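Student: Could you have a look at this structure, given as structure tokens, before my questions?
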Amino acid sequence: ETMVYVAWATVLAGLLFVRRNPLTLALATLFGGIILFVSGLNWMDPEISTLVPVLKSPWLMFHVAIIVAAYGFFGISCLMGLTNMIMIVFAGKEDNNPLINRIKGLSIINEMSLLVGLALMAIGTFLGAVWANESWGRYWGWDPKEVWALITMLVYALALHPRSLPWFHRTMFFHVFCITAFITVLITYFGVNFLLGGMHSYANG
């Protein structure tokens, strides 16, 4: 169910930015289709089972919905980074190349997408801490899911400090960062659930 929601959040992100650049909706639709394809693979059990007691909380809706929506914005940022890298290769070093303006425009939208995704991630993590206190009597317990959520936030926060980190002024570096940073999202979403275990590994029962 969360993967269907991620696909929805990704397309929503594309709709929010479509007026600035129509390419964003195309990329969001492509990524949403890929997510739905993965969600339909045989190794994922589509059956909706009974929730464990800790999940029977109103905080589930707020915490998970906001965090997973952030993944949608990070996902479209990853695709925009990949698209811009391809355009940079084709544009070459010609200043008059029409692709230069498209690259600049998409870079601005990419930064906006990162900002929205990071804001949602921060809010969702805060709400998760409140829920954890209600459920387990502590706000933070260094569970693998919590640790990787924090890592994801810190990694994406790097891009918001171009004054302190001058590498982000380089267009190619920024887009490579957008692609590689998405690995932290994949680990947080899939890796922790299926590989690392912990209190958040509901996928393993």
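Student: For the stretch 178-191, which residues satisfy the criterion of being open to solvent by less than 60 Å² (accessible area, probe 1.4 Å) and either within 13 Å of the chain's Cα centre (by Cα) or closer than 25 Å to Ala91 by Cβ (or both)?
Tutor: Matches in the stretch 178-191: Cys178, Ile179, Ala181, Phe182, Thr184, Val185, Ile187, Thr188, Tyr189, Phe190.
Student: Let me ask something else about it. Return the total of residues in the stretch 113-149 being within 13 Å of the chain's Cα centre (by Cα) and among the hydrophobic types (A, V, I, L, M, F, W, C).
Tutor: 10
Student: What pairs come out if I take residues in the stretch 159-177 that are open to solvent by 90 Å² or more (accessible area, probe 1.4 Å) and pair them with residues that are assigned to a loop (DSSP other than H, G, I, E, B) whose C-beta lies under 9 Å away, six or more apart or interchain?
Tutor: Partner pairs satisfying both residue conditions: His169/Pro162.
Student: Given (1) closer than 20 Å to Ser57 by Cα; (2) open to solvent by less than 70 Å² (accessible area, probe 1.4 Å), identify the lone condition not met by Gly117.
Tutor: (1)
Student: Name the one entry in Asn84, Asn97 that is outside any helix (DSSP H, G or I) and either of a type in the set (A, V, I, L, M) or within 29 Å of Arg19 (Cβ to Cβ) (or both). Don't jump to the end; show me each part of the working.
Tutor: Working: Asn84 fails: outside any helix (DSSP H, G or I).
Only one candidate passes the filter, namely Asn97.
Student: For the stretch 145-158, how many residues meet the condition of being farther than 16 Å from Phe182 by Cβ and surrounded by fewer than 17 Cβ atoms within 10 Å (Cβ to Cβ)? Even if it seems obvious, please write down each step before you answer.
Tutor: So the first thing to find is which residues in the stretch 145-158 are farther than 16 Å from Phe182 by Cβ, and the list is 145-147, 150.
Filter again for surrounded by fewer than 17 Cβ atoms within 10 Å (Cβ to Cβ), leaving 147, 150.
Qualifying residue count, the stretch 145-158: 2.
Student: A follow-up question, please. Can you find even one residue in the stretch 66-88 that is at pLDDT 80 or above and over 23 Å from the mean Cα position of the chain (by Cα)?
Tutor: Yes: the stretch 66-88 contains one or more residues that are at pLDDT 80 or above and over 23 Å from the mean Cα position of the chain (by Cα).
Student: Within the stretch 120-144, count every residue that is open to solvent by 40 Å² or more (accessible area, probe 1.4 Å) and of a type in the set (D, E, K, R).
Tutor: Final tally of qualifying residues: 2.
Student: Kindly evaluate Ile109 against the criterion of being at pLDDT 80 or above and under 19 Å from Val11 (Cβ atoms).
Tutor: It is true that Ile109 is at pLDDT 80 or above and under 19 Å from Val11 (Cβ atoms).
Student: Here's a follow-up. Which residues, counting only those in the stretch 159-188, are assigned to a helix (DSSP H, G or I), touching a helix residue (DSSP H, G or I) at 6+ places or on another chain (Cβ under 8 Å), closer than 22 Å to Val68 by Cβ and of a type outside the set (Phe, Trp, Tyr)?
Tutor: Matches in the stretch 159-188: Cys178, Ile179, Ala181, Thr184, Val185, Ile187, Thr188.
Student: Return yes or no: is Ile100 β-branched (Val, Ile, Thr), touching a helix residue (DSSP H, G or I) at 6+ places or on another chain (Cβ under 8 Å) and in contact (Cβ under 8 Å) with a residue 60 or more places away in the chain? Explain how you work it out, then say what you get.
Tutor: Details: β-branched (Val, Ile, Thr): yes; touching a helix residue (DSSP H, G or I) at 6+ places or on another chain (Cβ under 8 Å): yes; in contact (Cβ under 8 Å) with a residue 60 or more places away in the chain: no.
So Ile100 does not fit the description; no.
Student: Right, here's the next one. Of everything in the stretch 105-114, what is among the aliphatic types (A, V, I, L, M) and either open to solvent by less than 50 Å² (accessible area, probe 1.4 Å) or in contact with a Leu (Cβ under 8 Å, 6 or more places away or on another chain) (or both)? Give them in sequence order.
Tutor: Passing the criteria: Leu106, Ile109, Leu114.
The values are calculated or read from the model by the stated rules, or taken from the named source; none is laboratory data. In this text the structure is predicted, and so the values were computed from the model without any measurement. Please note: Cβ atoms are built from the backbone with ideal geometry, for glycine as well, and neighbour counts cover all protein chains shown. Only protein heavy atoms, including side chains, enter the accessible area calculation; ligands, DNA and RNA are left aside. Shrake-Rupley method; radii C 1.70, N 1.55, O 1.52, S 1.80 Å.
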